[in-house]
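The values are calculated or read from the model by the stated rules, or taken from the named source; none is laboratory data. Remember, it's a predicted structure, so these values are computed and weren't measured experimentally. FYI the Cβ positions are ideal-geometry reconstructions off the backbone, even for glycines, and counts take in every protein chain you see.
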């Protein structure tokens, strides 16, 4: 690897470490606080790549089950989405929004880049999408992708209440 590639790998490692540390901060079941932390970390990187970030986050209920372990899963799921957009889509804009559907808090990340075949990526692509699914399952959440030539919409559905055994 040349010097620039090494620097990029190290920068990624530092970002990962910061994300892990951020997940340990008390967020008091507040998803919006967790998302604000992610925005703070990713904003400069997105700006440096020329991607505009549209933040359409509105109040959502607290998630009583949002502890550091679960927060890290959420941050990693969302980090993978942003990484995929930066690396693969040639997007110029990303929109992050929150909302409610039934008993779920919904986080959507939409880009205007080139889409991809979700089915093909899940069957034979990299491990990113399957890792997102595995992490979501671990916290009782759901992930989905809707992708076409006009862009991709990633959806993370987080239960407001989780059933406890």
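Would you point out which residue out of 33, 53, 63 is out of contact with any strand residue (DSSP E or B) (no Cβ under 7 Å at 6 or more places or on another chain) and either surrounded by 17 or more Cβ atoms within 10 Å (Cβ to Cβ) or more than 14 Å from residue 156 (Cβ to Cβ) (or both)? Among 33, 53, 63, only 33 is out of contact with any strand residue (DSSP E or B) (no Cβ under 7 Å at 6 or more places or on another chain) and either surrounded by 17 or more Cβ atoms within 10 Å (Cβ to Cβ) or more than 14 Å from residue 156 (Cβ to Cβ) (or both). For the range 114-152, which positions are modelled with pLDDT under 85, surrounded by fewer than 14 Cβ atoms within 10 Å (Cβ to Cβ) and either in contact with a helix residue (DSSP H, G or I) (Cβ under 8 Å, 6 or more places away or on another chain) or under 20 Å from residue 75 (Cα atoms) (or both)? The answer is 122, 126, 127. Quick check on residue 72: is it in contact with a helix residue (DSSP H, G or I) (Cβ under 6 Å, 6 or more places away or on another chain) and either closer than 23 Å to residue 160 by Cβ or surrounded by fewer than 19 Cβ atoms within 10 Å (Cβ to Cβ) (or both)? The answer is yes for residue 72. Residue check, residue 82 against (1) buried (at least 21 other Cβ atoms within 10 Å of the Cβ); (2) free of Cβ contacts under 8 Å to residues at least 60 places away in the same chain; (3) in a strand (DSSP E or B), all met but one. Which one? It fails just one condition, (3). Within the range 142-150, not a single residue is assigned to a helix (DSSP H, G or I) and over 20 Å from residue 40 (Cα atoms).
Condition check ((1) farther than 21 Å from residue 86 by Cα; (2) surrounded by 11 or more Cβ atoms within 10 Å (Cβ to Cβ); (3) at pLDDT 70 or above; (4) touching a helix residue (DSSP H, G or I) at 6+ places or on another chain (Cβ under 8 Å)) across all residues:
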{"position": "11", "(1), (2), (3), (4)": "no, yes, no, no"}
{"position": "20", "(1), (2), (3), (4)": "no, yes, no, yes"}
{"position": "27", "(1), (2), (3), (4)": "yes, yes, no, yes"}
{"position": "37", "(1), (2), (3), (4)": "no, yes, yes, yes"}
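In this structure, residue 42 does satisfy being buried (at least 16 other Cβ atoms within 10 Å of the Cβ), in contact with a helix residue (DSSP H, G or I) (Cβ under 7 Å, 6 or more places away or on another chain), assigned to a helix (DSSP H, G or I) and in contact (Cβ under 8 Å) with a residue 24 or more places away in the chain.
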